[in-house]
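**Student:** First the structure, which I've put down as structure tokens, then a few questions once you've had a look.
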């Protein structure tokens, strides 16, 4: 009787398992994504706004097009080769231009600027998250000659997870139907920039994130390592030439290169690579075993900055003596330069 009872119990358990499996009381959803379909975008009538319709999970485009050399290995995290500053917010100046550089993503900087305006009672007249623009209405600022308005432009920074804030000021005089290219009062825009920078610095740790602004402005950075059709690696920098030149100059001086000479009209930097001490932790694994011995010696190189458009430059490198470089060596040294550009 006992053996028969055990047999019946096992049969019931097996049948129950079979029933759960067949009826799928708790269905396994792990492979549902394989059956997902791309549905057409909702069509909004022309008289209605469609700003609220945004993709929730956006797959960003691949910006790095460099093919790894040699046998594939699981890559380690990129070394922190840049001279990082403890400052989260800095005001950068180049010629007559100045802007705020924040060590946060654009989606985090966006709500901070809006919070600054709300806290100070400044009315917002227009918002365009896709373009990264916030425009105020006309108001009489303290010590201002007349009514004025400001435009705040938030852009993706050069490096990933950084953002830039540019401020434009305009008085209520002359052509007020469009924004000028430069501020009507540089001192007023500079004062506003400083005030916003101080507010951002004081509220960075508690700032929310705007996913819409983050998706619109991207997070890949303006500097990428790419390859041309011949497989030759180069760095592409999404900046106007004058800013790109200054960025490359600063990056070379802050990395393991010594500038021996330069030719700005020709876009050329003549540099010497000075390797760090052999016991430097990141350097030991940055370069592969095949190239490490050669790269650990001083070498002279030429970096060429070429303008591709008004907001795009290309950075190539060669040996000064004209001898060939392997693709792996170029990738390693260009990666070193790329990590220091800001």
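**Student:** Just check region 95-217 against the gyration tensor rule for me: Cα atoms, a ≥ b ≥ c as the square roots of the eigenvalues, rounded for a/c under 1.5, and otherwise prolate or oblate depending on whether a/b exceeds b/c. Don't jump to the answer; show the numbers that get you there.
**Tutor:** Numbers: a/c = 1.66, a/b = 1.62, b/c = 1.03.
Prolate shape, in that a/c is at least 1.5 and a/b is the bigger ratio.
**Student:** Sticking with this one: Neighbouring Cβ atoms within 10 Å as the yardstick, rank 182, 104, 113 fewest first.
**Tutor:** Fewest to most other Cβ atoms nearby, the residues stand as 182, 104, 113.
**Student:** Label-point separation (nm) for residue 29 and residue 261, each offset 7 Å from Cα along Cα-to-Cβ?
**Tutor:** Label-label distance for residue 29 and residue 261, simple model: 6.8 nm.
**Student:** Would you list 166, 47 from fewest to most Cβ contacts within 10 Å?
**Tutor:** In increasing order of surrounding Cβ atoms, one gets 47, 166.
**Student:** As a footprinting exposure proxy, order 192, 325, 146 by other Cβ within 10 Å, with the fewest listed first.
**Tutor:** Least to most surrounded, the residues fall as 146, 325, 192.
Taken together, the values in this text are just the output of simple stated rules run on the coordinates, not laboratory data. Note that this is a predicted model, so its numbers are computed, not measured. Backbone-built Cβ (ideal geometry, glycine too); neighbour counts: all protein chains shown.
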